[in-house]
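One structure is given below, encoded as structure tokens.
The values are calculated or read from the model by the stated rules, or taken from the named source; none is laboratory data. Predicted model, so just to flag it, every value in this text is computed and none were measured. So basically every Cβ, Gly included, is an ideal-geometry build from the backbone, and we count neighbours across all protein chains shown. Ligands, DNA and RNA are stripped out before the accessible areas are found, and what is left, the full protein with its side chains, is counted by its heavy atoms. Shrake-Rupley method; radii C 1.70, N 1.55, O 1.52, S 1.80 Å.
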Amino acid sequence: QRSLDRTVALKILPMELSKDAAFCAGFEAEAKAMARLNHPNLIGVYDFGEIDGMLYIIMEYVPGKSLFHSAHGIAIDSSEVIRLVTGICNGLAHAHENGILHRDIKPSNLIIDTRGQVTLTDFGLVRGNQDLSYTQPVIVVGSPHYLSPEQASGKPLDHRSDIYALGIVFFEIL
């Protein structure tokens, strides 16, 4: 972002998806939900927009690697695991307090920065608690290994679904 002399991350909705009203609405919902949140363990959003029919989100750039790439096949000291999971819990608590469910907690959506701090990213499946009801069509989304039983069966969700997925991440990195 040259105007502010800072490095940012861009998330761009591919042109073929930009023609799909449902994808566009979801992408915009992601940007708006993320922008409402301000927490050191959650990715920050600076802007959302459209250029020539292509939607984009301008986000905080977090230098580092995903937890998946940082910890895959590597033993992590239990005190470090607790520190990382505590950071994730703090970020999730902030999101949940603001009515936001992530719905896709997994190691590849957790960035460990160059200082060792964890940031939860990719709110692409985000939904607010108010958006969940028994009358909505059943659409199962998310990474299969991390889905709560409710999410896998298409039932209404609440904050416990994110906590379930985080529990699986916690177990994996231990």
Please state which of the following conditions Ala33 fails to meet, knowing it meets all the rest: (1) in contact with a helix residue (DSSP H, G or I) (Cβ under 6 Å, 6 or more places away or on another chain); (2) closer than 18 Å to His102 by Cα.
-> (1)
Ile43 vs. criteria within 17 Å of Ile111 (Cα to Cα), open to solvent by less than 70 Å² (accessible area, probe 1.4 Å) and under 16 Å from the mean Cα position of the chain (by Cα) = yes
Within region 19-38, can one find any residue that is modelled with pLDDT of 90 or more, in a loop (DSSP other than H, G, I, E, B) and open to solvent by 30 Å² or more (accessible area, probe 1.4 Å)?
-> yes
State which residue is farthest from Ala35 (Cα to Cα) when the search covers only region 79-102 and only residues that are surrounded by fewer than 21 Cβ atoms within 10 Å (Cβ to Cβ) and either of a type in the set (D, E, K, R) or under 10 Å from the mean Cα position of the chain (by Cα) (or both).
-> Glu80
State whether one or more residues within region 9-18 are surrounded by 20 or more Cβ atoms within 10 Å (Cβ to Cβ) and either of a type outside the set (S, T, N, Q) or not in a helix (DSSP H, G or I) (or both).
-> yes
Counting only residues that are more than 16 Å from Met59 (Cβ to Cβ) and in a helix (DSSP H, G or I), how many does region 89-107 have?
-> 8
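Suppose the filter is in contact (Cβ under 8 Å) with a residue 12 or more places away in the chain and among the hydrophobic types (A, V, I, L, M, F, W, C); does Phe23 pass it? Outline the logic, then answer.
Details: in contact (Cβ under 8 Å) with a residue 12 or more places away in the chain: no; among the hydrophobic types (A, V, I, L, M, F, W, C): yes.
Judged against the criteria, Phe23 is not a match.
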